[in-house]
Amino acid sequence: MKSTIPPGIHRLVSVCCFRRRLALLGILLSCGLASADATAQETPRTRVVLLGTGTPNADPERSGPATAIVVDDRAYLIDAGAGVVRRAAMAARDRGIPALRVARLHHVFLTHLHSDHTVGLPDLLLSPWVLDRPVPLNVYGPPGTKKLMDGIVEAWSADISVRIDGPEPRDANRDAYRPLTTEIEPGLVYEDDLVKVYAILVDHGGWEQPVGYRFEGPDRTIVVSGDARPSESIVEACNGCDILVHEVYSAERFATRPPAWQQYHSRFHTSTVELADIANRSGAGLVVLYHHLFWGTDDEGLIREIRAAGYSGPLVSGKDLDVY
């Protein structure tokens, strides 16, 4: 697939190597292999928080797909799977990340409109508003996003009416239930004083313009694949990025799937063997697996498959509420 990243996005190799060393230090710190003083000094400003690593499968240990990029005191969500608001609240409480307090969830970037990535949107739009989010939710996504968000407002119109016209004290944020929706094209889609966000065109079966995202923070660059079959654009967008968060399915267990499902998964998703190639060519400082399709294997099995396929770099299989 042809790259959609504008010229000038790539980093110098020397910078990438330095950042890779920082990523490895971060792994050591997270495993408790460095002192508390070092941890305090080396905590990166730009972090990945896995709010949900699941799929449509109803795994009680894995909420629906949702990832937070946290930079200093701000959170930028990618996708809104089932349980996203409560997972954010748990990360704020249990991981000490105040940027993920419910009333501070102000931005979400959608990769595509599959239900497992969007079923948490009504919760993300309305629950923080009820809990005094002072501003509207900013929603960025591919074509169809505005129709989806307008439909949510319409579907919950009775609830909204009671809350703004009834006795609830809503004067301070009366209209904050209205989403500010932007339908995006590949390229730079958002920028503030902390981050630049690029949408990366990927291939996810029959979806129109599914995307991954590249976040450039003050100290780290993070790429999130979204749902995607192998995409050259992800390799080019990472190009030595600090962290690559990528979906995956078990190549070994794929053989046990019915032929119709094999055809589907090979068009929509990325196998462990294919991801090993992507990881080698992307030069990521750390590869984090999410949106796993296990089919009977486990985290260690997926890592073993990727190692056997020839990738020896830093690699972890993510779980809900992991922080990198």
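Just so you know, all these numbers are worked out from the coordinates, no wet-lab data involved. Predicted, not measured: the structure shown is a model, and the values here were computed from it. Note: ideal-geometry Cβ built from the backbone for every residue, glycine included; neighbour counts use all protein chains shown.
Observations
- Taking amide hydrogens as placed 1.01 Å from N in the peptide plane, the amide H of L293 sits under 5 Å from those of V248, Y249, S250, each at least 5 positions away in sequence or on another chain.
- At full extension, D159 and A58 could sit 33.6 nm farther apart than now, given 0.36 nm per residue minus the alpha carbon distance.
- DSSP-assigned coil residues among GluC sites (Glu not before Pro) in the range 156-217, each with at most 15 further Cβ atoms within 10 Å: E208
- Residue exposure proxy: E236, E154, E42, E247, ordered by other Cβ atoms within 10 angstrom of their Cβ from fewest to most, comes out as E154, E42, E236, E247.
- For the peptides 296-303, 104-111, the ranking by packing is 104-111, 296-303, with the highest mean count of neighbouring Cβ atoms within 10 Å listed first.
- Cα shape, the range 40-139, gyration tensor, a/c 1.5 rule: oblate
- The range 13-317: equivalent-ellipsoid semi-axes (sqrt of 5 x gyration tensor eigenvalues, Cα, Å): 32, 24, 18
- One compactness figure for the range 98-156 is 1.09, namely its Cα radius of gyration divided by 2.2 N^0.38 Å.
- Three-way shape call for the range 158-260 based on the alpha-carbon gyration tensor, with the a/c threshold at 1.5: oblate
- The antiparallel fraction among DSSP beta bridges confined to the chain stands at about 55%.
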